[in-house]
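First up is the structure itself, then whatever we jot down about it.
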Amino acid sequence: MTPSVVIIIAKQNNRGIIAQDKKFVNMVVHDVSHLIHMAILSDKKWTFVYSEGHSMLMNETFFRAFTNHPNIPGIVDEIMYINKHGNQTCYMPWSEIMKVREQGKMFFDQAYMIQFQKEIKRCAKRFAFFWNEYKKIDFSKITNKKLLQVFKKYIECLEPMLAYYQVSGGRSYPLLEEYVKKKMGKILEVDELEENYAMVLTSTVPDLLETEEMALLKLSDSKNLTDKKLLGHASNFAYAYLSTYENTEILKSLGQRIGELKNKHGNYKNYVTELRQRKNNVFKKQNEIMTKLTDDKDLVDLANFLRVQGKLRFDYKEWFFGAEYKFLNIFNEIARRINLPVEKYMAIYREQDTERFLLEDKKLTAAERKIREKIFIFLQIDGGKFFYTGQEAKNIEQQAFATQINKTTEVKGIIANPGVVRGKAHVILPKSFTYLQKAMHKFKKGEILITTMTQPNLLLIMKKAAAIVTNQGGVTSHAAVLSREIGIPCVVGTLTATDLFKTGDLIEVDATKGVVKRV
């Protein structure tokens with residue numbers, strides 16, 4: 001329902017709009033566009049995509065990553081990010097989700113598949129090069145102009161990384177996953193299909209999480225373990241510290257993890273031996289399955305691609321989840337010059353606001369800071385990009401979901417690792433590192449983890465869980481890969497599990513059928 005005619009009334013003379021009336025016209029244009037959006041929003045079936053704790057800058061960069069790169073599968077025409085008190089939630093119309101799914105057909109082209117892998121590796125390599133240059137900078141001695149150049153370089157590296165990274169989040173691969181599973185079903189025993197499918201997609205080489213655990217144990221074996229060395233480890237493996245801007249909780253967490261790793265494995269050498277044995281067992285089982293598939297080259301190529309992407313999704317978290325902590329000196333210095341705590345700066349400053357400050361010494365007003373801390377929205381709709389705060393943002397949110405009523409009693413998703421289990425649900429939203437540290441202590445062994453999407457710093461909770469259920473993701477997602485390594489049932493891509501279930505609900509996860517319901 002889009003108005004076909006928009007009338008704007010303003011004073012004019014033979015030279016056009018009178019100067020003193022320009023502000024009035026701009027205000028009217030803004031109000032009209034707002035009304036148009038309100039009308040369009042109510043016609044859309046806005047569907048949950050994912051939710052995380054994010055800074056303003058990360059939220060804005062994600063928004064551009066989803067909309068500015070038309071050559072990458074998963075780029076959309078309509079999207080809405082709602083951020084309340086630092087918790088970002090992404091929605092798309094159902095039609096966009098289906099469009100993204102269809103774009104996954106590009107990966108059936110072997111040449112495109114290879115090119116895609118090259119491009120995402122190139123982005124990660126570029127980020128790594130910038131990281132090495134960044135470590136040489138003394139930020140206290142550089143000018144505002146130079147600081148802005150470094151800040152811009154960070155965003156130039158981050159945005160394409162996010163654009164490529166989001167492809168493996170479960171929206172662009174379903175057609176490949178369905179094709180591989182269907183083909184395998186014609187060759188292997190049907191009752192073992194899900195188990196064999198999960199095994200085929202399990203990595204036989206150490207991923208980022210295992211590499212970090214090895215490095216942490218090796219570091220803990222050294223005679224002189226200092227806070228400086230531990231924080232150096234945190235910077236090298238920053239993926240665990242999304243939206244983290246201070247070190248106290250990190251040091252505490254690393255100390256706890258060292259104790260847990262030592263209790264379980266003893267030392268670094270034992271860990272390596274156990275890991276090698278576990279990977280060898282996976283390799284043998286996987287080889288037995290793949291041997292039966294070798295006559296179908298397309299099937300083997302696609303299965304290998306999905307397995308590699310599952311591992312790389314882990315590895316590239318370092319340049320997404322870890323980006324802000326890894327490059328924290330940039331933001332600490334900007335916040336210092338603005339005279340704000342870094343947490344406040346990260347919560348409210350957009351890229352253009354930072355640029356305006358560093359070039360013109362203009363800061364956000366206290367009133368605007370207060371409004372943005374509560375709610376802001378990035379919206380792409382009807383061919384334009386828009387940013388709303390305060391009451392306008394609340395109105396946009398209310399209109400978008402005014403007619404949506406959820407009467408569902410169960411959710412269905414993608415089978416990531418088969419099995420059936422019953423237990424109490426425990427809903428955890430992936431927010432800041434500090435929030436997740438507190439959640440970890442409340443989570444009881446044997447509960448079922450219900451979350452929007454898993455993060456690396458949820459690993460200890462995942463290891464205590466009887467099963468995992470997520471709103472987002474596919475068979476190459478973090479939750480899917482970890483569930484196969486840990487050996488617990490997992491259903492991903494349910495879209496609404498965190499809305500339907502509450503902590504304490506008794507639920508059944510039937511990951512053989514991909515169904516989760518209350519008992």
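The values are calculated or read from the model by the stated rules, or taken from the named source; none is laboratory data. Just so it is clear, the structure is predicted and the values come from calculations on it, not from any experiment. Neighbour counts are summed over all protein chains in view; Cβ atoms, including those assigned to glycine, are modelled from backbone coordinates with ideal geometry. Each accessible area value is taken on the protein alone, full model and side chains, heavy atoms only, with ligands, DNA and RNA left out. Shrake-Rupley method; radii C 1.70, N 1.55, O 1.52, S 1.80 Å.
General observations
- Annotation note: Cβ proximity below 7 Å between a residue of region 467-486 that is farther than 13 Å from Tyr50 by Cα and a residue that is of a type in the set (Asp, Glu) and modelled with pLDDT of 85 or more (sequence gap 6+ or interchain) occurs for Val475/Glu177.
- The residue list Thr365, Thr434 contains one member that is at pLDDT below 90 and open to solvent by 30 Å² or more (accessible area, probe 1.4 Å), which is Thr434.
- Residue in region 68-75 that is within 30 Å of Lys344 (Cα to Cα), surrounded by fewer than 19 Cβ atoms within 10 Å (Cβ to Cβ) and at pLDDT below 90 present: no
- Among the residues of region 484-514, those identified as assigned to a loop (DSSP other than H, G, I, E, B), within 24 Å of Ile97 (Cβ to Cβ) and more than 21 Å from the chain's Cα centre (by Cα) are Phe501, Ala511, Lys513, Gly514.
- Exactly one residue out of Leu251, Leu261, Leu275 is part of a helix (DSSP H, G or I), touching an Asp or Glu at 6+ places or on another chain (Cβ under 8 Å) and over 28 Å from Leu328 (Cα atoms), and it is Leu275.
- Scanning region 392-410 for residues that are out of contact with any Lys or Arg (no Cβ under 7 Å at 6 or more places or on another chain) and either modelled with pLDDT under 70 or among the β-branched types (Val, Ile, Thr) (or both) yields a count of 7.
- No other residue among Tyr271, Tyr349, Tyr316 is closer than 30 Å to Thr204 by Cα and within 23 Å of the chain's Cα centre (by Cα) apart from Tyr316.
- For Leu158: the one exception among (1) touching a Ser or Thr at 6+ places or on another chain (Cβ under 6 Å); (2) among the aliphatic types (A, V, I, L, M); (3) open to solvent by 10 Å² or more (accessible area, probe 1.4 Å): (3)
- Subset of region 222-231 (residues that are outside any helix (DSSP H, G or I) and either under 21 Å from Thr454 (Cα atoms) or open to solvent by 60 Å² or more (accessible area, probe 1.4 Å) (or both)): Lys223, Asn224, Leu225
- Total residues in region 327-356, condition open to solvent by less than 10 Å² (accessible area, probe 1.4 Å), in a helix (DSSP H, G or I) and touching a residue at least 24 places away in the same chain (Cβ under 8 Å): 7
- Scanning region 212-221 turns up no residue that is under 30 Å from Phe305 (Cα atoms), open to solvent by 40 Å² or more (accessible area, probe 1.4 Å) and not basic (Lys, Arg).
- The one condition in (1) open to solvent by 20 Å² or more (accessible area, probe 1.4 Å); (2) on the phi > 0 side of the Ramachandran plot that Pro418 fails to fulfil: (2)
- Residue list for region 185-200, restricted to those being open to solvent by 30 Å² or more (accessible area, probe 1.4 Å) and either small (Gly, Ala, Ser) or under 16 Å from Glu288 (Cβ atoms) (or both): Ile187, Glu189, Glu192, Glu195, Met199
- Subset of region 153-196 [in contact (Cβ under 8 Å) with a residue 24 or more places away in the chain and more than 30 Å from Asn68 (Cα to Cα)]: Val180, Lys183, Met184, Ile187, Leu188, Glu194, Glu195, Asn196
- Set Ile155, Ile137: member being farther than 19 Å from Phe305 by Cα and assigned to a loop (DSSP other than H, G, I, E, B): Ile137
- Screening the candidates Gln103, Gln117 for the property of being under 27 Å from Val49 (Cα atoms), touching a Ser or Thr at 6+ places or on another chain (Cβ under 8 Å), open to solvent by less than 70 Å² (accessible area, probe 1.4 Å) and in a helix (DSSP H, G or I) yields one hit, Gln103.
- Residue match in region 476-483 (condition: assigned to a strand (DSSP E or B), within 16 Å of Met453 (Cα to Cα) and within 17 Å of the chain's Cα centre (by Cα)): no
- Of the residues screened, Lys517 is not one that is open to solvent by 10 Å² or more (accessible area, probe 1.4 Å), more than 23 Å from Val200 (Cα to Cα) and in a loop (DSSP other than H, G, I, E, B).
- Test for Tyr239: is it surrounded by 20 or more Cβ atoms within 10 Å (Cβ to Cβ) and touching a His at 6+ places or on another chain (Cβ under 9 Å): no
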